[in-house]
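The values are calculated or read from the model by the stated rules, or taken from the named source; none is laboratory data. All figures in this text were calculated on a predicted structure; none of them were measured in a lab. Because the Cβ atoms are built from the backbone with ideal geometry, glycine has one as well, and the counts that use them run over all protein chains shown. We work out accessible area using only protein heavy atoms, side chains counted, and drop any ligands, DNA or RNA first. Shrake-Rupley method; radii C 1.70, N 1.55, O 1.52, S 1.80 Å.
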Amino acid sequence: MDIWLASSNKHKQKEVQGFLKDWTVKIPSDAGIDFDPAETGSTFLDNAFIKARDLYRLLAKPVIADDSGLCVDALNGRPGIYSARYGADNGEKLQDSDRNALLLREMEPFSLRSACFVCAMVLIVEKNRFFAVQETLEGEITKHFCGENGFGFDPIFYLPQKKCNLAELGLDEKNKLSHRGKALCAVEKVLQSLI
């Protein structure tokens, strides 16, 4: 069965597909849809719902949307809901490596390195039937890039319990403990009830 992911991010599609093995995860471009909704919410959950609702209106098929980001304690929770646009100049988003370098520079004066990834996920099954969950992954901001896997801030996010950066984990291991993996686990239980 198909499940539509309200994202244009192929890395995210691959990550979600690795988790939802009983489903074919499609993104709007698979249907020829240019999808870039305005994320005007004030929370991760608000933005996830906006994306899910907008894609559901276009397709009228089951849709998953997430909004996720990195919340750094020393930066009062920034970049938070603006993680994907962190450091953007005149609307031009930075490449992942440039955003990571910017965050490491901003963190230089701080000894407190604690941070967490947050993922709010919404599944819309029918027009008036939806499910929502929010999960976290606790860790620390490192001082150097490490690891080739993942995307976003993964190369500078250290997991004390694993003694490595998130970008050093394989996809299956990452999905078991990540913020998105935990949220997908909850969503998968709902999806299984639909089969």
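Here are a few things to note about the model shown:
- Residue match in segment 25-35 (condition: aliphatic (A, V, I, L, M), open to solvent by less than 70 Å² (accessible area, probe 1.4 Å) and touching a strand residue (DSSP E or B) at 6+ places or on another chain (Cβ under 7 Å)): yes
- Out of Ala186, Ala120, one residue alone is outside any loop (DSSP other than H, G, I, E, B), at pLDDT below 95 and among the aliphatic types (A, V, I, L, M). It is Ala186.
- Restricting Gly147, Gly181, Gly152 to residues that are modelled with pLDDT under 95 and over 18 Å from Phe44 (Cβ atoms) narrows the list to Gly147.
- The residue pairs whose first member lies in segment 49-78 and is under 21 Å from Ser111 (Cα atoms) and in contact (Cβ under 8 Å) with a residue 40 or more places away in the chain, whose second member is open to solvent by 30 Å² or more (accessible area, probe 1.4 Å) and hydrophobic (A, V, I, L, M, F, W, C), and whose beta carbons are closer than 8 Å, counting only pairs six or more residues apart or on different chains, are Asp73/Leu112; Ala74/Phe110; Ala74/Leu112.
- Across segment 86-101, a minimum of one residue is classified as touching a helix residue (DSSP H, G or I) at 6+ places or on another chain (Cβ under 7 Å), surrounded by 13 or more Cβ atoms within 10 Å (Cβ to Cβ), free of Cβ contacts under 8 Å to residues at least 24 places away in the same chain and of a type in the set (Gly, Ala, Ser).
- Qualifying residues in segment 36-53 (those that are more than 22 Å from Phe157 (Cβ to Cβ) and open to solvent by less than 40 Å² (accessible area, probe 1.4 Å)) - the one modelled with the lowest pLDDT: Pro37
- Scanning segment 15-36 for residues that are under 15 Å from Ser178 (Cβ atoms) and either of a type in the set (Ser, Thr, Tyr) or touching a helix residue (DSSP H, G or I) at 6+ places or on another chain (Cβ under 8 Å) (or both) returns Glu15, Val16, Gly18, Phe19, Leu20.
- Annotation for segment 125-134: at least one member residue is among the β-branched types (Val, Ile, Thr) and at pLDDT below 95.
- Any chance Phe110 is open to solvent by 60 Å² or more (accessible area, probe 1.4 Å), at pLDDT 95 or above, outside any helix (DSSP H, G or I) and of a type outside the set (Val, Ile, Thr): yes
- Within segment 130-179, restricting attention to residues that are of a type in the set (Val, Ile, Thr) and not in a strand (DSSP E or B), the residue that is surrounded by the most Cβ atoms within 10 Å (Cβ to Cβ) is Ile156.
- Only residues that are surrounded by fewer than 22 Cβ atoms within 10 Å (Cβ to Cβ), at negative phi and in contact with a Leu (Cβ under 8 Å, 6 or more places away or on another chain) were counted across segment 68-82, and they come to 3.
- For first residues located in segment 112-124 and of a type in the set (D, E, K, R), partners that are surrounded by 23 or more Cβ atoms within 10 Å (Cβ to Cβ) and lie 6+ apart or on another chain with Cβ distances below 6 Å form the pairs Arg113/Ile141.
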